[in-house]
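The values are calculated or read from the model by the stated rules, or taken from the named source; none is laboratory data. Please read these numbers as outputs of a predicted model, since none were measured by experiment. FYI the Cβ positions are ideal-geometry reconstructions off the backbone, even for glycines, and counts take in every protein chain you see.
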């Protein structure tokens, strides 16, 4: 059996993974990196694979060779501030290294620094006093200041012992090393200076990227949105104020889709490409009529205003017909992933009391629904799309029989009435249900217009399954509110070489994808593909590695604009058009949200300090923010209190007002764009009779961003084997969505807990 991996081992593997990823992106061989880092190829391969410890000299040379900041390799975070940074005692960024030394970087948060100040703990080892000192070297100069204990320093052939208060300044290109002597551990400061006196070489994620511009409509007709929204912009086009009006009467289906169907009937709403490359061009007139047929069809089945309807439709064009039809009828839509298994589906149906499921005929999704159905008393209608199935209604055959006219009445849904819901994962329980009212689509106006930079006469492409909230961000509400057509490709599996020819063929003008897919794209030869039609790119879902940004810009000329939001909201923070953005930053708060950062005591934090992202709701919820968790007042109060909505996400803000993402307060796992709640996985694993305790957390991964890690305590007498790990992984795959299974399983004697007995996931 493989020995349990320590926290240090993980740190080393994490850094090694970043080095490998950066090397591959740069197109450097292991021979070239070995030469640049002044080690043998065999030693370099061991370092890159995480098989051996990484000393600071090696990390520093890797950073120089790869053109990134040292901090990018150590933590995956770029420097924060440019004028002052204060590092409190014990808060330096830890770098564990060889030879009994532990380094703490004291200026990791400072942009453009010309030195690496380090606090070093040197462990006393009696054996070391009787052996030759391990020597290393690096470019530049170094100042060592002894704090406590005794430090023996060797530079070339010269040796000297430093006592507390003593200093030693030397040319660090000369082989040197140091050990603790005198029978006790030693502490000292080591300040490494760049030989040129210039800033430590880095990608410079703080630089401003070029300004994106708002696309102008080719018609003089007022935009459909102007009846509902007033906008004030800066001289450069950045929105500084967005106000909503007439919202209590707003219904997206009638006021946007049907209105455009009447005023611009031939205007393109969507280009849909099926998995077999069948192309459909759908106008707003088509969308008005087909959604009306759906509303009438659903009504004939007894579906009424307030009923909950689950949509598991991948990227089928029928999703949009059904969605808009439900919006007209007033039934509450609940989009869901086709990767859900019976366990997941049963929970969702019973929790929300879902009466109808509209499900894809692809794959085994309908099988999973049937497995769950017998335990779901509220489920009345099962409707299948694309196939025929016993016990199911045939959507494609039946809805066509109904009228293409559906009139708005005084009882039609609007304003505060519920529109849709998302099941959103958390770490302290099963998925919660974030409920949105009919004002929600208005909150996506800025998402599309000022972040996606959609062209009213162009074509926007967001890569997302309709089962996720991101589809509402980029495939429906904001785009059509801005009169922009959407491009939808209903692929089964993402293959970069399959996607990229579509940009030129369909003249896609704006594009949004999660960083995971962007990483896959830059692994291909981008020079083979034409991106000239694309004027704007965005990304969200997880933090973007600055190296991915740099490579995409280098190969395509396109800059990637990051943004941040939740299933509970529209885009909260983003790199908006009209203002230069900072690479790696989430951007600045959207003008519809009053955003700040708070510490755990509810006090605001200073620039450069990490705090929870909160939204001021003292004057009510802005359009786009959820109304609360459906039928869960307790969970709602946990995040909505004292005049603020607490997002559960943390960040820091720099001196220019740009926000930089840190992580989740509640340890949500973001893997390849999926949001995964640990509790769900823990509950499944605990079903196994030989599992005594289980804690699920995130582990870093260079491709997926994070992977699911399960730390397990076995019952007495159970042998921890590799076969058992695989058995646990397969069990999770079989009993919940496959993307949730733990790619890493670690057996432990005990799990870290709080005094109240709760597992501390951050220490797993």
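Among 669, 712, 681, which is free of Cβ contacts under 8 Å to residues at least 60 places away in the same chain, within 21 Å of residue 516 (Cβ to Cβ) and touching a helix residue (DSSP H, G or I) at 6+ places or on another chain (Cβ under 9 Å)?
On the way: 712 fails: within 21 Å of residue 516 (Cβ to Cβ); 681 fails: free of Cβ contacts under 8 Å to residues at least 60 places away in the same chain.
The conditions single out 669.
Out of curiosity, is residue 624 at positive phi, touching a residue at least 24 places away in the same chain (Cβ under 8 Å), in a loop (DSSP other than H, G, I, E, B) and in contact with a helix residue (DSSP H, G or I) (Cβ under 7 Å, 6 or more places away or on another chain)? Walk me through how you get there before you give the answer.
Details: at positive phi: yes; touching a residue at least 24 places away in the same chain (Cβ under 8 Å): yes; in a loop (DSSP other than H, G, I, E, B): yes; in contact with a helix residue (DSSP H, G or I) (Cβ under 7 Å, 6 or more places away or on another chain): yes.
Criteria met by residue 624.
Would you confirm, using the coordinates I've provided, whether residue 472 is outside the structural domain of residue 565 (by TED's automatic domain parsing), surrounded by 19 or more Cβ atoms within 10 Å (Cβ to Cβ), within 29 Å of residue 309 (Cβ to Cβ) and touching a helix residue (DSSP H, G or I) at 6+ places or on another chain (Cβ under 8 Å)?
On the way: outside the structural domain of residue 565 (by TED's automatic domain parsing): no; surrounded by 19 or more Cβ atoms within 10 Å (Cβ to Cβ): yes; within 29 Å of residue 309 (Cβ to Cβ): yes; touching a helix residue (DSSP H, G or I) at 6+ places or on another chain (Cβ under 8 Å): yes.
No.
Name the one entry in 162, 118 that is modelled with pLDDT of 95 or more and either in the same structural domain as residue 60 (by TED's automatic domain parsing) or touching a helix residue (DSSP H, G or I) at 6+ places or on another chain (Cβ under 6 Å) (or both).
162
Given region 430-503, what helices (runs of 4 or more DSSP H) lie entirely inside it while holding 3 or more residues that are farther than 30 Å from residue 413 by Cβ? Quick ask: steps written out before the conclusion?
On the way: elements: 470-474, 477-481, 496-499.
Of the helices (runs of 4 or more DSSP H) lying wholly inside region 430-503, those with at least 3 residues that are farther than 30 Å from residue 413 by Cβ span 496-499.
Could we say that residue 103 is over 29 Å from the mean Cα position of the chain (by Cα) and either modelled with pLDDT under 85 or buried (at least 22 other Cβ atoms within 10 Å of the Cβ) (or both) here? Even if it seems obvious, please write down each step before you answer.
Numbers: over 29 Å from the mean Cα position of the chain (by Cα): yes; either modelled with pLDDT under 85 or buried (at least 22 other Cβ atoms within 10 Å of the Cβ) (or both): yes.
Yes, satisfied.
For residue 618, all conditions in the list (1) within 26 Å of residue 71 (Cβ to Cβ); (2) over 21 Å from the mean Cα position of the chain (by Cα) hold save one; what is the number of the exception?
Evaluating residue 618 over (1) within 26 Å of residue 71 (Cβ to Cβ); (2) over 21 Å from the mean Cα position of the chain (by Cα) leaves (1) as the failure.
Name the single residue, out of those in region 520-532 being touching a helix residue (DSSP H, G or I) at 6+ places or on another chain (Cβ under 6 Å) and outside any helix (DSSP H, G or I), that is modelled with the lowest pLDDT. Full working, then the answer.
In the first step, residues of region 520-532 are kept if they are touching a helix residue (DSSP H, G or I) at 6+ places or on another chain (Cβ under 6 Å); the result is 520-522, 524, 526, 530-531.
If we keep only those that are outside any helix (DSSP H, G or I) as well, we get 524, 530-531.
Working: 524: 82, 530: 93, 531: 93.
Here the residue is 524.
Please determine whether any residue of region 539-546 is closer than 24 Å to residue 231 by Cβ, assigned to a strand (DSSP E or B) and either touching a strand residue (DSSP E or B) at 6+ places or on another chain (Cβ under 9 Å) or not assigned by TED's automatic domain parsing to the domain that holds residue 502 (or both). First the steps, then the outcome.
Taking region 539-546 and keeping what is closer than 24 Å to residue 231 by Cβ, we get 540.
Retained after the next criterion (residues that are assigned to a strand (DSSP E or B)): none.
The answer is no; no qualifying residue exists.
If we keep just the residues of region 39-53 that are out of contact with any strand residue (DSSP E or B) (no Cβ under 8 Å at 6 or more places or on another chain) and not in a helix (DSSP H, G or I), which is nearest to residue 15 (Cα to Cα)? Even if it seems obvious, please write down each step before you answer.
First pass over region 39-53, keeping only residues out of contact with any strand residue (DSSP E or B) (no Cβ under 8 Å at 6 or more places or on another chain): 39-52.
Still in the list and also not in a helix (DSSP H, G or I): 39-40, 49-52.
Numbers: 39: 17, 40: 19, 49: 10, 50: 8, 51: 12, 52: 12 Å.
If we take residues in region 39-53 being out of contact with any strand residue (DSSP E or B) (no Cβ under 8 Å at 6 or more places or on another chain) and not in a helix (DSSP H, G or I), then 50 is nearest to residue 15 (Cα to Cα).
Do the conditions hold for residue 687, that is, is it over 20 Å from the mean Cα position of the chain (by Cα) and at negative phi? Reasoning before the result, please.
Details: over 20 Å from the mean Cα position of the chain (by Cα): yes; at negative phi: yes.
In short, yes.
If residue 573 passes every condition in (1) more than 26 Å from residue 71 (Cβ to Cβ); (2) assigned to a strand (DSSP E or B) but one, which one does it miss?
Unmet condition: (1).
Does residue 230 qualify as being at pLDDT below 95 and either surrounded by fewer than 21 Cβ atoms within 10 Å (Cβ to Cβ) or closer than 13 Å to residue 287 by Cβ (or both)?
Working: at pLDDT below 95: no; either surrounded by fewer than 21 Cβ atoms within 10 Å (Cβ to Cβ) or closer than 13 Å to residue 287 by Cβ (or both): yes.
No; evaluated as a whole, the condition is false for this residue.
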